[in-house]
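Participant: One structure coming up, written as structure tokens, with questions to follow.
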Amino acid sequence: MKRMLSGLLPVIIVSLLIFQGCNKLEGLQPYDDLLPPGIPDNLFVSYAADGEINIRWSANVEPDFYQYIVYRGVNDSLNLTELFRTFRTSFFDDSLSYDSAYYYAVAAIDNSGKISNKTRFVSARPLNYYTPLSPRRLSVSATFTEDRKAFTISWDTNNESDVRQYRIYRSHTVNFIPDTTQYYIARALSFTDTINLSFYDTLFYRVQAVDEGGLKSAYTEAVYDLLLESPAVIYPPDNSVVSYFDYFEISSLPVNAGYRIVLYEDPYGSEYWETSGTRAPGEKQAFLFRPPFLQVNKDYYWRIFTYSGKSTPNSVSKLYKFRLRESF
């Protein structure tokens, strides 16, 4: 019996040690060396121009490191205040004043919340050196809706943070040289032109970016569109009561255009039926009418869309209405 117990004793001791070890693992706390982290090394300014500053530093490799705190002062190197916290080893500051001096320092913070001393500050003045790039992805769409004529020009945002405005130039000529005394101003990424527009006008637009210091980008290439009117309705007349018919008939536009006719079951409903096609000029345009099912003594609504070669409608008609009567 004693031999059996003496043989079991090492097994029992090992089991107890394993059990106690598991309990200890469950209660492990994050590593804490009880010291604040080291001050980040090698802080320097990697870029400073046009209202933008980028700073970089070396990574902290301590096992209990958590993140960095970036401090900044404006025209003041003595009173730096916390600006940003980051896990990265760089910080990009934008939309700054060209003529101000900016001072930066960085500190590290560990998992226990202890903060290192700040680095020595670095400084820069982001002067206005470079012209902005030309706006990208410029597009224009002409529209006529409910008696409102417009050309809407849009583009992507510039990467530069110091762009103050965009200047929009227009002309009836494709390869026009912009008149620098006549332009529209936009501070957003689109502009709607509604001034002195006529049907079948083809207008060309170019856009230029201007920064806070007055430096100007090159002009974009010209984009253009053609303003179409909405065709007149021939059949069925608006607010009419008609027998079942085979064709929608509308007046023809004097230019090649795309047409789309959409039928609705109520004024605010989704599309019930549609037909479309591109047509050359003529006296009138007829579109075969073959809906899935129509009820008699019920109002139906329809609208005409025209297209100048783009995916978005150029003109959008008012909403027309007809009612089918019983045929005997």
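We did not get these values from a lab; they are worked out from the coordinates using the rules stated. Just so we're clear, the structure is a prediction, and the values are computed from it rather than from any experiment. Positions of Cβ are backbone-derived with ideal geometry, glycine not excepted, and every protein chain shown enters the neighbour counts.
Participant: Name the shape class, rounded, prolate or oblate, that the alpha-carbon gyration tensor gives for region 133-181, where a ≥ b ≥ c are the square roots of its eigenvalues, rounded holds for a/c under 1.5, and otherwise prolate holds if a/b is larger than b/c and oblate otherwise. Walk me through the numbers on the way to the answer.
Facilitator: Working: a/c = 2.28, a/b = 1.43, b/c = 1.60.
Because a/c hits 1.5 or more and a/b fails to exceed b/c, region 133-181 counts as oblate.
Participant: If you don't mind, there's one more thing I want to ask. Which net charge results when you count Lys and Arg as +1 and Asp and Glu as -1 among the other residues whose beta-carbon is under 12 Å from that of L43? Intermediate values should be presented prior to the final figure.
Facilitator: Working: positive: R56, K118, R120; negative: D41.
Charge balance near L43 sits at +2.
Participant: Per 0.36 nm of contour for each residue apart, how much would the distance between A280 and N117 grow if the chain were fully extended, relative to their Cα-Cα spacing? Could the numbers behind the result be given before it?
Facilitator: Numbers: separation 163, 0.36 × 163 = 58.68 nm, distance 7.69 nm.
Length gained between A280 and N117: 51.0 nm.
Participant: What FRET efficiency comes out for R187 versus Y98 if R0 is 30 angstrom and r is the Cβ-Cβ distance? Round to the nearest 0.05. Spell out each step's value before the answer.
Facilitator: Numbers: r = 19 Å, r/R0 = 0.63.
After rounding, the FRET efficiency stands at 0.95.
Participant: Which one, F245, P291, Y235, projects farthest toward the positive side of the charge dipole computed for region 233-324 from Cβ point charges (K/R +1, D/E -1)?
Facilitator: It is Y235, whose Cα lies furthest towards the positive end.
Participant: Which of the peptides 87-96, 177-186, 221-230, 307-316 is most tightly packed, and how do the rest follow, going by the mean number of other Cβ atoms within 10 Å of each residue?
Facilitator: 221-230, 307-316, 87-96, 177-186
Participant: Between N196 and N175, what FRET efficiency follows from the Cβ-Cβ distance if R0 is 25 Å, with the result rounded to 0.05?
Facilitator: Details: r = 22 Å, r/R0 = 0.87.
With R0 = 25 Å, the Cβ-Cβ based efficiency is 0.70.
Participant: Beyond 15 Å, how much of the Cα-Cα pair distribution for region 233-324 remains, as a whole percent? Each step should come with its number before you reach the end.
Facilitator: Details: 2466 of 4186 pairs.
More than 15 Å apart: 59 percent of the Cα pairs in region 233-324.
Participant: Report the net charge of residues surrounding V210, where surrounding means a beta-carbon distance below 15 angstrom and charges are Lys +1, Arg +1, Asp -1, Glu -1. List each step's numbers first, then the result.
Facilitator: Numbers: positive: R164, R167, R187, R206, K216; negative: D50, E160, D162, D211, E212.
Here the charged neighbours net out to 0.
Participant: A further question follows. With a ≥ b ≥ c taken as the square roots of the eigenvalues of the C-alpha gyration tensor of region 136-226, please select rounded if a/c is under 1.5 and otherwise prolate if a/b is larger than b/c or oblate if it is not? Please report the intermediate quantities before stating the final value.
Facilitator: Working: a/c = 2.12, a/b = 1.67, b/c = 1.27.
Verdict is prolate for region 136-226.
Participant: Then there is this: Measuring from centroid to centroid over Cα atoms, what is the spacing of region 99-168 and region 225-274 in Å?
Facilitator: Measuring centre to centre over Cα atoms gives 46 Å.
Participant: Of Y219, S317, Q165, which is farthest along the charge dipole of the chain in the positive direction, counting Lys and Arg as +1 and Asp and Glu as -1 at C-beta?
Facilitator: Farthest along the dipole direction, towards plus: S317.
Participant: In debye, nearest 20: dipole of region 233-324 around its Cα centre with unit charges on the Cβ of K, R (+) and D, E (-)? Can you show the working numbers first?
Facilitator: Details: 10 positive and 9 negative charges, 35 e Å.
Rounded to the nearest 20 debye, it is 160 debye.
Participant: Counting only Cα, what are the radius of gyration and maximum Cα-Cα distance Dmax of the chain, in Å?
Facilitator: Values for the chain (Cα only, Rg and Dmax): 35.7, 118 Å.
Participant: Then there's this: From the P(r) of region 44-124, could you give the percentage of C-alpha pairs in the tail past 14 Å?
Facilitator: Beyond 14 Å sits 60 percent of the P(r) for region 44-124.
Participant: Please name whichever of L203, L35, P63 sits farthest to the positive end of the charge dipole of the chain, dipole taken about the Cα centre and charges placed at Cβ: Lys and Arg +1, Asp and Glu -1.
Facilitator: Toward the positive end, the furthest listed residue is P63.
Participant: Assuming 0.36 nm per residue, please report the length gained on full extension of the stretch L133 to R323 beyond their Cα-Cα distance. Numbers along the way, then the final one.
Facilitator: On the way: separation 190, 0.36 × 190 = 68.40 nm, distance 5.67 nm.
Taking L133 through R323 to full extension adds about 62.7 nm, to one decimal.
Participant: Using only alpha carbon pairs under 8 Å that are at least six residues apart, calculate the relative contact order of the chain and give it in whole percent.
Facilitator: Values: 736 pairs, mean separation 41.3, N = 328.
Relative contact order here is 13 percent.
Participant: Could you work out how far apart the two model spin labels at S311 and D76 are, taking each label as a point 7 Å from the Cα in the direction of the beta carbon, and quote it in nm?
Facilitator: Going from the S311 label point to the D76 one covers 5.2 nm.
Participant: Still on this structure: Which loop-located chymotrypsin sites (Phe, Trp or Tyr not before Pro) does region 242-304 contain, where loop means any DSSP state but H, G, I, E or B and the Cβ has at most 10 other Cβ atoms within 10 Å?
Facilitator: Y268, F293
Participant: Let me ask something additional. Relative to the first principal axis of the alpha-carbon coordinates of the chain, what is the inclination of helix 2-26, with its axis defined by its Cα atoms, in degrees from 0 to 90 and to the nearest 10?
Facilitator: The angle comes out near 50 degrees.
Participant: Same structure, new question: Considering Cα pairs under 8 angstrom that are at least six residues apart, work out the relative contact order of region 235-328 and quote it in whole percent. Kindly include the intermediate steps, with their values, before the conclusion.
Facilitator: On the way: 194 pairs, mean separation 33.8, N = 94.
So the answer I get is 36 percent.
Participant: Antiparallel DSSP bridges in the chain: what percent, to the nearest 5? Could the numbers behind the result be given before it?
Facilitator: Numbers: 83 of 88 bridges.
Counting only bridges with both partners in the chain, antiparallel ones make up about 95 percent.
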